[in-house]
1. What ranking do A:337, A:448, A:43 get, fewest neighbouring Cβ atoms within 10 angstrom at the top?
2. Return, ordered by residue number, the residues of the stretch A:73-94 whose backbone nitrogen is under 16 Å from a label point located 7 Å along Cα→Cβ of residue A:464.
3. Quick check for you: which residues of the stretch A:295-336 have the amide N under 17 Å from the point 7 Å beyond the Cα of residue A:345 toward its beta carbon?
4. What's the exposure ranking of A:348, A:297, going from fewest to most Cβ atoms within 10 Å?
5. Given the Cα-Cα distance of residue A:271 and residue A:138 and 0.36 nm per residue of separation, how much length would full extension add, in nm?
6. Give me the angle, in degrees from 0 to 90, between the Cα long axis of helix B:192-229 and the longest principal axis of the Cα atoms of chain B, rounded to the nearest 10.
7. Counting only other chains, what is the mean number of Cβ atoms within 10 angstrom of the Cβ of each residue in peptide A:193-200?
8. Along each principal axis of its Cα atoms, how long is the protein assembly as shown end to end? Whole angstroms, biggest number first, please.
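Readers should treat all values here as calculations from the given coordinates under stated rules, not as data from a laboratory. These numbers come from a predicted model, not from an experiment. Positions of Cβ are generated from backbone atoms using ideal geometry, with glycine treated the same way; all protein chains shown enter the neighbour counts.
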């Protein structure tokens, strides 16, 4: 029957399929592309991948756990008061168009980012003004911060250095060349974009930059062409991998697809612990969440083990607090909360006795496109229902939720999201999530307020010694967990389906292992 | 006839205005504002406020709508808040893909639907008629998302005779843009390799989208053919000895086509909405996927522009359907 059908189909379509891509030294990458290509406008996980491959920064994160590696800069100095930073550039670096990369380009890049005020600028804006970035000489650039800010160095990989002359030549109405750069590239990275074949969110062809400053000695057979060709739908993405249409999927394979890929020939699943924590936020300013006992009740009503082991098949790591477990600053003895209906009931009873209004129906907002937000919300709904607390699931989108987080009145009772690695410092998580100065941003949407925690987080920000900072973060961590500000669930393991032909892949939480310069393809 | 077309085109304008206003209000009152998401993941509240002001989101709603309308009338759909690219340019790149897919599906549904519907009507209560009825009910009940995956599993994975996704193989250069429809552009450039690949890539998504429409058209055609076959003129023609084939094709069929052709106009709207899911499964880089992404990110400019464009195309397709009525029935043509 199968042969007959095959014969009929073959006759109908005259001949068999063409190869999906040339079998040469060409990689087809099936992960998402950023919406626009300007690294000073868009900053998300897909952009991290584009930036890592086509641009260079002063420093770069490498390895796991990530280490700050001097990249365009060969060294830096910082003044005793922690406010003046100078970076010395390597000599002889060129952009893709062959023009030299100098301190002028570095200063322009930071000024452009800070003036436009989009993308990753939020990490720098509180401490750095555009006019305080200046060139000292052709290979030295200087930053004068408003105040000492220890995570400053950790934010350096966020800023891509762009070709000043190229952007100025494409500037329209003082837009810093932003309209042009949305579909082009002006970097010096290991790969260069072919703007002629670029189709937004559909295809980006990247060609190896043989003159990249880092050289290619450590990779005997580097990939010459990368065709970034995203696959939108999970099912199609996996089929495309199994069929050989793409060499790699995205890094968020659903658990059911992990088994499917693992059983197939010629492909496997890479599992790398990242730094992306999943959280159910609670609006600490709104009753009944303003009651500590109620927050503890909710924290004990969530089935952590059930979610992690049954739903996610142990493909993530339990993370009991507001810093990823594989980063410094985490007090290892803090176990966090566990599912305990008896304790939950005791805390709920105590909250009720204190007058917390547990009768009203609570809302938990989920992100419609992300299944895990629904699954976790349903588990919590079930856990609280057993205690007589009603919870309603409300479907929403990331754009809506981040906009609602602008004030305590509009922030939902609870919502589910992740905090990814934008820069590798506890400041990226605990610092920006629980310092009350950040209230009004989505990261601080639990509206948690504790003066001691504020003091510790601000002090940690101003100190330069990591050991001193770690003590402060640990203390703040303990207090925040004790206050049950949110429900911290797990730290992500990146699950990426990859072809067995890929060799040399190096994982780092920033960019999720998609730095093509280390990779090669087996024949 | 020209007056009719001009009148109908003018009538589209208030419809589009209403559509735009409705979409604008739904987005503004139900969708939040994109400033926070746009400001990036480490943004300060001041930055978010600044972006809100830059985008004009602090203005009264009526002022925002008026500003948008003024620009849209000039053909300026603004810039995507996220990508900084011109929304008009994005649509110009993505619309041909959706049109190519939708028209291919419409063609499959119309040709096969009328063919099977006519045969089922002529051979009423035969095995063939029952078969068409079963298939058409199944076609209407089948979720296109599921059907798409089934087609992929059979034709791309199991037998490997059709591609899994996309409009062309990865790495194949697209034919130069003239219409944006790859089949036509490939022919115009003499690129037979690209034509063949574009055709192969089109088959599965077009068949998926056409399924529901094919069933609808087959059912309407069947009913209309049965009614015509029972009418006096058909009985008379058969009585005077015309062969059945001659009765059916020039006379019965022509009288039966008005209803299914009306369906074609209505189906176009259904096909475009169906394309949202089907484009995602087959990675078809059209307006459907673009719209979904824009909705999820509250990219207002993009959502409004796509709504407007789809509304305008829907209006034009329905004018064409009315004109086809005129060709099929001279009485209708006289009233135009």
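1. Going from sparsest to densest Cβ surroundings: A:337, A:448, A:43.
2. A:75-88
3. Residues passing the 17 Å test: A:297-303.
4. A:348, A:297
5. Roughly 43.6 nm would be gained on extension.
6. Here the helix axis deviates by roughly 50 degrees.
7. Across the residues of A:193-200, the mean count of other-chain Cβ atoms within 10 Å is 2.
8. 109, 71, 60
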